[in-house]
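Each remark here refers to the structure printed beneath this line.
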Amino acid sequence: MATEQRAHEIVIVGGGAGGLELVSRLGDRLGKKNRAHITLIDASPSHLWKPLLYEVAAGSLDSYAERLEYLAQGHWHHFTFRLGRMDGLDRARQEVSVAPTFDDDGVEIIPRRSFRYDTLIIAVGSVGNDFGVPGVKEHCIMLDTPEQAREFHRRHINACLRANTQTEAVAPGQLTVGIVGAGATGVELAAELHDTTRELSAYGMDNIEPDKSLKLLIVEASDRILPGLPPRLSAAAAERLAELGVEVHTNERVVEVRADGMLTADGKFIPASMMVWSAGIKAPDFLKEIDGLETNRINQLVVRPTLQTTRDDNIFALGDCAACPMPNGSNVPPRAQAAHQQASLMAKAICRRSRGKPLLEYVYRDYGSLIALGRFSTVGNLMGTLTGGSIMIEGTMARLVYWSLHKMHEIALHGWFKTSLTTYAHFISTPTRARIKLH
């Protein structure tokens, strides 16, 4: 009697920008037709597009309203979701180990489990890199997760409430936010906080004078902000931050963080009452040489142009946790557009692989960079064949392009029709929603 052939097991670890787009596409193409069994593993029950976290931290975005439940997405797109955090790998047995899950009271709700795979795709993203600087873990907040972003917002709102109701005048430095790292997250957070704090004052916290009470400062080790982007984009952003009154310290490397501020390598002490660390990234620590796979100094899995890991053809990696080489010798930059491109290519490649066809090779295409500098200001540059090189854009056009990046992510998850409906619903409900969350 013929036995039923076991379905090909595809396990994707990480439901970020790349992982969720990929699992949704594979579910529609392979899972729906029972050509493979597809499983998504993530430590969180829901997804929020990571580039939006600075808005959550500033209070201008409701993370609960914007999140997407993995279980629902799996039902709609024919994949299975399993809650848990990957913490081990057995390549010989082709199994992923997932740590137990506990509730807020420390009670175990899901035991340790393992999942078998035929094809494993790791897309766990990145976390903040404190470079071993003393005091960062104790005194700084990183913006890696919605929970961390909400924690910063809660502290900021409480500090403003305290300052508004105290009998004495707001003391110098009482509302000083220090941001270490002038990458996209740090710069965008500073500009957004400038806007939302003024909104707080307009809502009735009239004892807080934003231009006097709130101080925003950025500390950057490089000689300019946004060091990974073109100099003219950095200059435009720096000019805008100066207009907003954001204090920028370049060529200042933080060597210690204390409860009341930061100490730099030059011996300068920069006071701050609340601090955010956004000075660099690394892949999660559990990936470091996991079961013999090749990793680099920031724990990224080294992959070939096919996005296969160098020591195992059945294991792939994409997004921020992958060190993917480019022809110029550098690696693909950790950007949302790279994860989106890799997910699109990987969906095609895995389908081809299931039919016995050769894999495709990934080639990074830089379409430019956009930085949001508050509610009404965005700067950026567009690159590619449409522009014949690189052009600088600002204002309304840049803001529209920046907004469209998130919409492209939603389209990849839901399709054009559903995204159009939710976008229309968002616009018509805008007049009844507060500009800033107060809780």
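Only the coordinates and a few stated rules stand behind these numbers; no lab work does. On a predicted model such as this, the values are computed, not experimentally measured, just so you know. Positions of Cβ are generated from backbone atoms using ideal geometry, with glycine treated the same way; all protein chains shown enter the neighbour counts.
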Review point. In degrees, nearest 10, range 0 to 90: what is the angle between the Cα axis of helix 17-26 and the longest Cα principal axis of the chain?
Key: 30 degrees
**Study point:** Rg/Rg_globular for the chain, with Rg_globular taken as 2.2 N^0.38 Å and Rg from C-alpha atoms
**Key:** 1.02
Check your understanding: Which of 38, 273, 123 sits farthest toward the positive end of the charge dipole of the chain, with +1 on the Cβ of Lys and Arg and -1 on the Cβ of Asp and Glu?
Key -> 38
Review point. What percent antiparallel are the DSSP beta bridges of the chain, to the nearest 5?
Key: 55 percent
Point to revise | Listed residue pairs exceeding 18 Å between alpha carbons, taken from 50/215; 33/348; 32/348 | key: 50/215
Practice item. For the chain, find the longest principal axis of its Cα atoms and tell me its angle to the long axis of helix 184-202, 0 to 90°, nearest 10. Key: 50 degrees
Review point. Per 10 Å bin, what is the whole-percent P(r) computed from every C-alpha pair distance within the range 125-200?
Key: 14, 47, 30, 8, 0
Check your understanding: Looking at 81, 24, 359, which one has the Cα that reaches farthest to the positive end of the dipole of the chain (charges on Cβ: Lys, Arg +1; Asp, Glu -1)?
Key -> 359
Check your understanding: Cα centroid distance between the range 301-367 and the range 225-243, in Å?
Key -> 30 Å
Review point. Mind checking the dipole of the chain: about its Cα centre, +1 per Lys or Arg Cβ, -1 per Asp or Glu Cβ, Debye to the nearest 20?
Key: 1600 debye
Revision key, fill the gap. Mean separation of Cα contacts under 8 Å (at least 6 apart) over the residue count of the chain, i.e. the relative contact order in percent, is 17 percent
**Study point:** Under the Debye formula (equal points on every Cα, no solvent term), log10 I(q)/I(0) of the range 282-377 at q = 0.11 Å⁻¹
**Key:** -0.36
Practice item. Do me a favour and compute the ellipsoid semi-axes for the range 189-263 from its Cα gyration tensor, root of five times each eigenvalue, largest one first, whole Å. Key: 26, 18, 8
**Study point:** For residue 256, distant residues with modelled amide H under 5 Å away
**Key:** 263
Check your understanding: Angle, helix 231-244 long axis vs. longest principal axis of the chain, Cα atoms, 0 to 90°, nearest 10?
Key -> 40 degrees
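About the Cα centre of the range 12-92, what is the dipole size in debye to 20, counting +1 per Lys and Arg Cβ and -1 per Asp and Glu Cβ, all else neutral? Before the final figure, lay out the partial values.
Working: 10 positive and 9 negative charges, 102 e Å.
Roughly 480 debye, rounded to the nearest 20.
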